[in-house]
Amino acid sequence: MLFVGLCQRAALLLFIILTACTPFVPRRPLTSYFKEVETLLAAQEYSQAARLLEEAAQAHPEDTRSLLRLGQIYLRQGQPVAAEDAFNRALARNLSYAPAMAGLAEAKLHQGDLGQALHFWQEAAEVNPDLPGVYTGLGRTHLLRFEFEQAEEAFLTQQARRPDPEAQWYLAALAAPSEFTAANNYLLSIPHNAAADILARRDYLLAALVPFTTESAQAEIAQAVGIAFVQVEQWPLAVHALTAAAQYPEQSAAEKAESLAFLGHALAQAGRPALDLFEQAAALNPDSALPLYFYGLYLREQGALNAAEATFIRAIELDPDNAAIYIELADTKAEQGIFSAAEQYYQAAARIAPDDPRIQLLAIQFYANRGYRLAEEGIPAAQALIEEDPNNAEAYDLLGWMQLLIGATAEAETSLRKAIELDPHLISAHYHLARSLETGGKITEAIDQYRHVVETDTTGLFRSRAIEALSRLEQSQ
């Protein structure tokens, strides 16, 4: 027993000596983490930045900022579920942390959970009403819920408390259908140092208002503004403007039919009922193809392909030179699996609009996406478009993808690298290049391209496929 006791004391003494000799390593400061994170973000190395923020969060368990920044990165990447988790973890450390509440609201908004988004925006505003953009976020959520008066009130509150250029733009957008002068004043008072996307939105709405003056009919202004919002897929604002346009009594039957047709389309895209509006529009102007065009889109989205086809055919009878209708009819035939008929309609659209690269691209996409008659029609069509438009990155991307599908790996790589040279942000080209490199046995380069897709694909269209490819290639190395 004495021997055991002596051994225990000796072990304890050795531990004390070793501990005393071990130098103290201080925690890495948060500022150091954040500085490195910003460098990684500038290089679009989002995953590495996220890992570093996780490390910071563990090293500083009392801090919320690292988790807040982590959530913001996930939002930027288009990963709202991961962002929600990060913001919730931040709130677990500080239940009254308003920036994390706002982040959680944004994450819920990206997931389409408008009720929860509204709840968290309201909580954030209550905790810190001067948080930058908190009432703007609240207003955007009301807008998506089609609560236009509450949205306007939130934007006005934001401007009264802490002016925000985005809130200013939304106030202009809501004013334009009924108050031309107020809308212009809002737009022209947006600061010139506002964010680039806000300035682009300002310029777009100003351009939509350029043809009008204070003497113009407000119904005409409302309709033009509503159509402008449809073109950029701002569905709630389009609904707000076109509803106002359709209610002005001075609109003619043809003008009201146009307003109702666009209104129905905007409502349908926002997931709201629209059938009666298409029927009203067609009844008001039976000679217009527009209501039939939007009605056909609505029917196809509902899965009624045969009815959609019949509707598009009727629209073409009324407007036989409208390439857009032929494209939609072609898409419908492709969904039905009747590729030969689809091809005829795509080619008809391309003949009608030979100088419109968008129409030409849609026709080429049919061949590329369906893997149909690539060598016979798809590749020659892409090459012809490139001859006409040599800086068209999407055309090079589609050409490279089709070349890869027919086994011309070297040619595919050349085309896809050209697409990326023209547009470094074209994610589909990076993914297709990765596939081409993998097929050609250039595994290290393929892995780099797949990683780039995982890091930068904010839409998520290619990220999951890139993750699967990375897993497969990394395991094989």
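The values are calculated or read from the model by the stated rules, or taken from the named source; none is laboratory data. Computed from a prediction, not measured in an experiment: that's the story for all the values here. Glycine gets a Cβ as well: all are built from the backbone with ideal geometry, and neighbour counts include every protein chain shown.
Quick notes on this structure:
- Close pairs from the range 413-440: first modelled with pLDDT of 95 or more, partner acidic (Asp, Glu) and outside any helix (DSSP H, G or I), Cβ under 6 Å, at least 6 apart: Ile427/Asp457
- Restricted to the range 282-393, the set of helices (runs of 4 or more DSSP H) holding at least 1 residues that are under 26 Å from the mean Cα position of the chain (by Cα) comprises 290-301, 323-335, 357-370.
- Leading residue by the ranking (nearest to Ala228 (Cα to Cα)) among those in the range 160-177 that are part of a loop (DSSP other than H, G, I, E, B) and either at pLDDT below 95 or out of contact with any helix residue (DSSP H, G or I) (no Cβ under 6 Å at 6 or more places or on another chain) (or both): Pro163
- Residue within the range 138-152 that is in the same structural domain as Ala270 (by TED's automatic domain parsing) and farther than 17 Å from Val232 by Cα present: no
- Only residues that are β-branched (Val, Ile, Thr) and closer than 11 Å to Leu426 by Cα were counted in the range 448-468, giving 2.
- Pairs, first closer than 15 Å to Leu277 by Cβ in the range 238-257, second outside any helix (DSSP H, G or I) and of a type in the set (Gly, Ala, Ser), C-beta under 8 Å, six or more apart: Val239/Ala270; Ala241/Ala176; Ala244/Ser178; Ala257/Ser288
- The range 270-281, residues that are in a loop (DSSP other than H, G, I, E, B) and either among the small types (Gly, Ala, Ser) or within 15 Å of Ala224 (Cβ to Cβ) (or both): Ala270, Gly271, Ala274
- Whichever residue in the range 216-269 is of a type in the set (Ser, Thr, Tyr) and part of a helix (DSSP H, G or I) and, among such residues, is nearest to Ala183 (Cα to Cα): Thr243
- Looking across Ala382, Ala419, Ala412, one residue alone is within 17 Å of Tyr346 (Cβ to Cβ) and crowded, with 21+ Cβ neighbours inside 10 Å. It is Ala382.
- The residues in the range 25-46 that are without any contact (Cβ under 8 Å) to a residue 12 or more places away in the chain and among the acidic types (Asp, Glu) can be counted, and the count is 1.
- Every residue from the range 169-197 that is crowded, with 23+ Cβ neighbours inside 10 Å and among the polar types (S, T, N, Q): none
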